Amino acid sequence: MFRGNPKVATGWALAIALLLAAAPAFADLHSAGIAYEKRDYKAAFEQFKELAELGQPQAQFNLAVLYTRGEGVQLSLTYGHAWASLAARNGDPKGAALAAELEPMLTPNSLKLSADIQAQYSQNALNARLLPRMFYTSDYQDRDPVRSFKPFIPPYPPGAQQRGVQGEVFVEFTVAPDGHPRVPRILYAVPAGFFESTVRESVLRSVYLPARVNGTPVSTSVNTFYNFVIASASIHDYGGLEQRVRDTKAKAESGDPSAQMLYGMMIAGLPQLHQTYAQALPWFLKAAQAGAPYAQYQVGTGLLRGRGCQCEPGKGEIWLEKAAQADQPDAQVSLAEYLMRDPSDGEAVAGAIVWLERAAKQGNSSAKLYLAAILAANPSVEVRNPGRALSLMDQLDRDFRHDPSVREIRAAANAARGDYKAAEEAQSEALAEAKGLGWDLAKLKERQSSYADRKSWTGNLLEF
């Protein structure tokens, strides 16, 4: 039975491990290996090839073996030599041995072709086309970081407390220029259904010192772990977590992709480790190259935001799309956000809606929120669907009851269908909630004036 108060902390290693075990396979080393064991060589070849082209050394060696044996692909000692050589350059000793074995069998022309293939997927080529340029020591290079100022510690959820349920939640949110969080997005919650609403309330009621660029406050993304256990202050108090961190690091260093992703999460989320997100990103990259969709999401968002690495949106979009195609809902939402930079770009908006619909079908609350915001207030009449927006809000009211953004979406949707009285009422509720949270009210008041003048409002309701 729980005794004590919840604490913002990160003793959630076991929970993440369970989530990793339950994650759906797409193109990853494990599923490719299973396909090979089942002698489904074509599927194994396709999956190993996708990962090899991302720079994953084990996949490169396995691809070399498939080419050398003609399994799932036409036999080619030239391609086998090329991929074995690439694996060797990336630290796989088996690749070096195989390349040395194949080299005497190749003609000068074949060796030249092998060299051309190697150049296409060399470290320099991947750096230019795909891989992040890491910072390592700081999360951002263009801004002073967000700092906690007045964290809000919520009461323990009664339902969880009565059942003796403990758990962990990983949440991402935007700290707006006014220092107040917006749109908390639950990335992981274990067990599901107990702590999400409490965490959203805690985030919204917390206050931060915003990030600043040249002294000017700017919106910045933040990640926080909530651990609902007996309050403690040191990693030594988390029931073996310190040993688990050491064990996970050892497995990560030995090349285990799941451990690499888990260790990245520990670095990013355990304040007791005194490390930065920039130090977690290289581990996320290793797991992403091995095909882990959640790690690909982390790399993609890092590149889009310039967090832990240089801001390179083109590369970020590639990683996010890989994760989104594997039905990772957070990647689908982030990809939709990226496409929605210009709400008047019809083609981009259509793409965003496709990704949000896919994530919403999985029950992702953030996807429903963003989708409703588009349907309620997009500048295009063809895109707007206020009835659907309101239906989506009905699904979120209970969990998002403290979030003024939900009331704002309701207000915009009602105005879009001509019910200005309902729009004014919902916007008044949003204003009251936002005032209580300390938000900058300028944009909310602007929308309230529109509804009072019997005018709908269009634009991005979730831009801060």
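Per-structure values
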{"read-out": "Among residues of region 103-138, those that are closer than 18 Å to G306 by Cβ, without any contact (Cβ under 8 Å) to a residue 40 or more places away in the chain and exposed (fewer than 12 other Cβ atoms within 10 Å of the Cβ), counted", "value": "1"}
{"read-out": "Test: residue in region 73-89 that is over 20 Å from L113 (Cβ atoms) and either touching a Cys at 6+ places or on another chain (Cβ under 6 Å) or part of a helix (DSSP H, G or I) (or both)", "value": "no"}
{"read-out": "Some residue of region 332-343 being within 29 Å of N90 (Cα to Cα), in contact with a helix residue (DSSP H, G or I) (Cβ under 6 Å, 6 or more places away or on another chain) and outside the structural domain of V381 (by TED's automatic domain parsing)", "value": "no"}
{"read-out": "Filter result for S450 (in a loop (DSSP other than H, G, I, E, B), more than 28 Å from F152 (Cβ to Cβ), small (G, A, S) and at pLDDT 95 or above)", "value": "no"}
{"read-out": "Residue check, D394 in contact (Cβ under 8 Å) with a residue 40 or more places away in the chain and either crowded, with 19+ Cβ neighbours inside 10 Å or under 28 Å from the mean Cα position of the chain (by Cα) (or both)", "value": "no"}
{"read-out": "From the options S85, S31, S138, residue that is under 24 Å from the mean Cα position of the chain (by Cα), closer than 20 Å to G255 by Cα and among the polar types (S, T, N, Q)", "value": "S31"}
{"read-out": "Matching residues in region 282-306 - criterion: being more than 19 Å from A348 (Cβ to Cβ) and within 12 Å of the chain's Cα centre (by Cα)", "value": "F284, A288, A292, P293, Y294, A295, Q296, Y297, Q298, V299, G302"}
{"read-out": "Of all residues in region 424-457 being closer than 26 Å to N364 by Cα and small (G, A, S), the one that is farthest from the chain's Cα centre (by Cα)", "value": "A426"}
{"read-out": "Every pair of residues 6+ apart whose Cβ atoms lie under 7 Å, when the first sits in region 148-161 and is under 16 Å from F225 (Cα atoms) and in the same structural domain as V199 (by TED's automatic domain parsing) while the second is modelled with pLDDT under 85 and surrounded by 13 or more Cβ atoms within 10 Å (Cβ to Cβ)", "value": "P151/V8; I153/N5; I153/P6; P154/P6; Y156/F2; Y156/N5; Y156/P6; Y156/F228"}
{"read-out": "Any pair with Cβ under 7 angstrom, 6 or more apart, that starts in region 357-380 at a residue that is over 22 Å from R200 (Cα atoms) and ends at one that is β-branched (V, I, T) and not in a helix (DSSP H, G or I)", "value": "A377/T458; N378/T458; P379/T458"}
{"read-out": "Residue check for G55: in the same structural domain as H81 (by TED's automatic domain parsing), on the phi > 0 side of the Ramachandran plot and either in a helix (DSSP H, G or I) or not polar (S, T, N, Q) (or both)", "value": "yes"}
{"read-out": "Residue satisfying all of: in region 272-307; among the aromatic types (F, W, Y) and in contact with a Gly (Cβ under 7 Å, 6 or more places away or on another chain); nearest to A211 (Cα to Cα) among these", "value": "Y277"}
{"read-out": "Residues of region 262-311 satisfying the condition of being β-branched (V, I, T) and part of a helix (DSSP H, G or I)", "value": "I267, V299, T301"}
{"read-out": "Residue satisfying condition, being among the small types (G, A, S), out of contact with any strand residue (DSSP E or B) (no Cβ under 7 Å at 6 or more places or on another chain) and free of Cβ contacts under 8 Å to residues at least 60 places away in the same chain, within set A52, A82", "value": "A82"}
{"read-out": "Selection status of E46, surrounded by fewer than 20 Cβ atoms within 10 Å (Cβ to Cβ) and under 11 Å from A290 (Cα atoms)", "value": "no"}
{"read-out": "Scan of region 332-356 for residues that are touching a residue at least 40 places away in the same chain (Cβ under 8 Å) and surrounded by 24 or more Cβ atoms within 10 Å (Cβ to Cβ), ordered by number", "value": "V333"}
{"read-out": "Filter result for A259 (modelled with pLDDT of 95 or more, within 30 Å of L29 (Cβ to Cβ) and in a helix (DSSP H, G or I))", "value": "no"}
{"read-out": "Residue, nearest to N364 (Cα to Cα), within region 150-191, restricted to residues that are surrounded by 17 or more Cβ atoms within 10 Å (Cβ to Cβ) and among the small types (G, A, S)", "value": "A189"}
{"read-out": "Number of the exception - W457 against (1) at pLDDT below 95; (2) of a type in the set (F, W, Y); (3) buried (at least 21 other Cβ atoms within 10 Å of the Cβ)", "value": "(1)"}
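Per-residue answers, yes or no, for (1) under 23 Å from T220 (Cα atoms); (2) assigned to a strand (DSSP E or B); (3) hydrophobic (A, V, I, L, M, F, W, C):
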position	(1), (2), (3)
T174	yes, yes, no
P177	yes, no, no
I186	yes, yes, yes
G193	no, no, no
E201	yes, no, no
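So that you can scan it fast, the table gives a plain yes or no per residue for (1) in the same structural domain as V171 (by TED's automatic domain parsing); (2) modelled with pLDDT under 95; (3) in a helix (DSSP H, G or I):
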| residue | (1), (2), (3) |
| --- | --- |
| A376 | no, no, yes |
| H402 | no, yes, no |
| G418 | no, no, no |
| A432 | no, no, yes |
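The values are calculated or read from the model by the stated rules, or taken from the named source; none is laboratory data. From a predicted model like this one, the values you see are computed outputs, not experimental measurements. Cβ: placed from backbone, ideal geometry, glycine included. Neighbour counts: every protein chain shown.
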